[in-house]
Amino acid sequence: MLRISGCVHQRLHFTKRRALFFVSGVLEHLHFRTLFPGSLAEEQRALATLGRTYYVYSQSVLEREGNSPARVDELLVRAGHHYLQALDTCDKLTGDLSDREMLEMRSRLYLNLGLVYEDKGNLTSAREFMKKALGVVK
């Protein structure tokens, strides 16, 4: 019975992982402006969500497959790329959101970029992004 339970758990984890990447792959290949015409705020949120998806998946790969540094690094690069795109989109937002929402959005992105760089071993960049996150909320 224990063996069957382990097999079911392993299969569920594999299925969740495949579903996660299917969804992120679909989102990544769709052009956000066709999904959210004229809404830079929604485009920014979608990019931040993609970044978060890749970051969480990198943590899962690290926990499950510990000896896959190239795969983890690839996922962290993708996460960072999407976070940076979301930050660029933040710069284009004007008047769509309150000042508080903009500060929170920017702060989360800086913090997330700090975590990505920390996991990549680039502590100097990680520290800089985390300082920026703190500076935004002060």
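Remarks
- Segment 97-138, residues that are part of a loop (DSSP other than H, G, I, E, B), more than 20 Å from ALA70 (Cα to Cα) and not charged (D, E, K, R): LEU97, SER98
- When segment 88-111 is filtered for residues that are of a type in the set (D, E, K, R), under 15 Å from GLY51 (Cα atoms) and either without any contact (Cβ under 8 Å) to a residue 60 or more places away in the chain or loosely packed, with under 14 Cβ neighbours inside 10 Å (or both), the ones remaining, listed by number, are ASP88, ARG106.
- Selection within segment 39-55 - of a type in the set (Asp, Glu) and touching a Ser or Thr at 6+ places or on another chain (Cβ under 9 Å): GLU43
- Total residues in segment 78-117 satisfying the condition of being over 25 Å from LEU134 (Cβ atoms) and modelled with pLDDT of 90 or more: the figure is 1.
- Residue match in segment 30-50 (condition: among the aliphatic types (A, V, I, L, M), modelled with pLDDT of 90 or more and surrounded by fewer than 17 Cβ atoms within 10 Å (Cβ to Cβ)): no
- Scope segment 59-96; condition assigned to a helix (DSSP H, G or I), of a type in the set (Ser, Thr, Tyr) and farther than 14 Å from LEU115 by Cβ; matching residues: SER60, THR89
- When segment 112-126 is filtered for residues that are of a type outside the set (D, E, K, R) and surrounded by fewer than 18 Cβ atoms within 10 Å (Cβ to Cβ), the ones remaining, listed by number, are GLY121, ASN122, LEU123, THR124, SER125.
- Annotation for segment 65-85: at least one member residue is β-branched (Val, Ile, Thr), out of contact with any Cys (no Cβ under 7 Å at 6 or more places or on another chain), surrounded by 20 or more Cβ atoms within 10 Å (Cβ to Cβ) and in contact (Cβ under 8 Å) with a residue 24 or more places away in the chain.
The values are calculated or read from the model by the stated rules, or taken from the named source; none is laboratory data. From a predicted model like this one, the values you see are computed outputs, not experimental measurements. Backbone-built Cβ (ideal geometry, glycine too); neighbour counts: all protein chains shown.
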